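Here is the structure we will look at.
The values are calculated or read from the model by the stated rules, or taken from the named source; none is laboratory data. Since we're looking at a predicted model, the values are computed, not measured. Every residue, glycine among them, receives a Cβ derived from its backbone with ideal geometry; neighbour counts consider all protein chains shown.
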Ligand SMILES: O=C(O)CCC(=O)C(=O)O
Ligand SMILES: [Fe+2]
């Protein structure tokens, strides 16, 4: 099975159809150069200060930089990109009434970094979830060109339906080669890995992933983007970070500093496809 590339006019239904069939798909040229350059400019000071990965999986010549909802306004726009968010909602809708932001992370693979071990991202929750549940939908935005030589993401189309112990043959592995500004969608169940960088320049991807509202997020968003920063953001971003209730009783809180019961703190109600209501996080420290 080949990895499909759709044009920038692709709609949610096209992405969903490709995900259903292959578990992965590229939509090319979604962002203009100016947006990509702006993102890169916002995050580069943080990437420069990031150490290389601590093990082979993280990549000993790879920099992984998070807290991007807090650090980059352009990243916040990408988190709520219409095509991505509508696709994530529709994809996860059979399993939840709300989705949440799982992680924000640039992955800068430097020359000489070997290929990452092949895996499924759903292993973040161990192997406890039943295979009938699709827990997450993932994106990697190409912030440089992704080429065969510089470590474009490897993936095995169709492997989202395989028994977990099945190993891919070399000819079943594709690479998500794509121009800067394109986005690679892949499910939590499809086999994939970062490629080896055999070029002379770093490869930069932005990994933004979404999961079921009732699961624990991979990146702790309450610490990575605390209330005093989140209070100024678009309510849709606030809700995706987790400043909302998941289900009827999930994620409620009490204001620890309120002695009078008078402080107004409203959480947004972000239901799939719905518009969030106003949130007031201004009272929190
Ligand atoms: O950098 C990439 O292309 C993929 C990385 C990846 O799959 C991961 O770190 O989980
Ligand atoms: Fe991964």
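A few comments on the model shown:
- Some residue of the range 183-194 being more than 16 Å from ligand 1 (Cβ to nearest atom) and modelled with pLDDT of 75 or more: no
- Residue 190 passes every criterion in (1) within 24 Å of residue 93 (Cβ to Cβ); (2) surrounded by fewer than 22 Cβ atoms within 10 Å (Cβ to Cβ); (3) in contact with a helix residue (DSSP H, G or I) (Cβ under 8 Å, 6 or more places away or on another chain) apart from (2).
- Within the range 47-69, considering residues that are touching a strand residue (DSSP E or B) at 6+ places or on another chain (Cβ under 7 Å) and not in a loop (DSSP other than H, G, I, E, B), the one nearest to residue 241 (Cα to Cα): 69
- Scanning the range 66-85 for any residue that is under 27 Å from residue 175 (Cβ atoms) and within 16 Å of ligand 1 (Cβ to nearest atom) turns up at least one such residue.
- Scanning the range 71-89 for residues that are more than 22 Å from residue 144 (Cα to Cα) and in contact with a helix residue (DSSP H, G or I) (Cβ under 6 Å, 6 or more places away or on another chain) yields 86, 87.
- Checking each residue in the range 205-241 for being within 16 Å of the chain's Cα centre (by Cα), more than 16 Å from ligand 2 (Cβ to nearest atom) and either within 23 Å of residue 174 (Cβ to Cβ) or assigned to a loop (DSSP other than H, G, I, E, B) (or both) picks out 213, 215, 216, 220, 225.
- Among the residues of the range 132-159, those identified as touching a residue at least 12 places away in the same chain (Cβ under 8 Å), over 30 Å from residue 33 (Cβ atoms) and surrounded by fewer than 24 Cβ atoms within 10 Å (Cβ to Cβ) are 133, 134, 135, 158.
- Odd one out for residue 91 among (1) within 15 Å of ligand 2 (Cβ to nearest atom); (2) under 26 Å from residue 29 (Cα atoms): (1)
- The range 103-131, residues that are out of contact with any helix residue (DSSP H, G or I) (no Cβ under 8 Å at 6 or more places or on another chain), more than 11 Å from ligand 1 (Cβ to nearest atom) and touching a residue at least 24 places away in the same chain (Cβ under 8 Å): 110, 111, 112, 114, 125, 127, 131
- Residue match in the range 143-152 (condition: closer than 19 Å to residue 92 by Cα, at pLDDT 95 or above and more than 12 Å from ligand 1 (Cβ to nearest atom)): no
- Positions within the range 2-23 being in a helix (DSSP H, G or I) and surrounded by 14 or more Cβ atoms within 10 Å (Cβ to Cβ), in sequence order: 12, 14, 15, 16, 17, 18, 19, 21, 22
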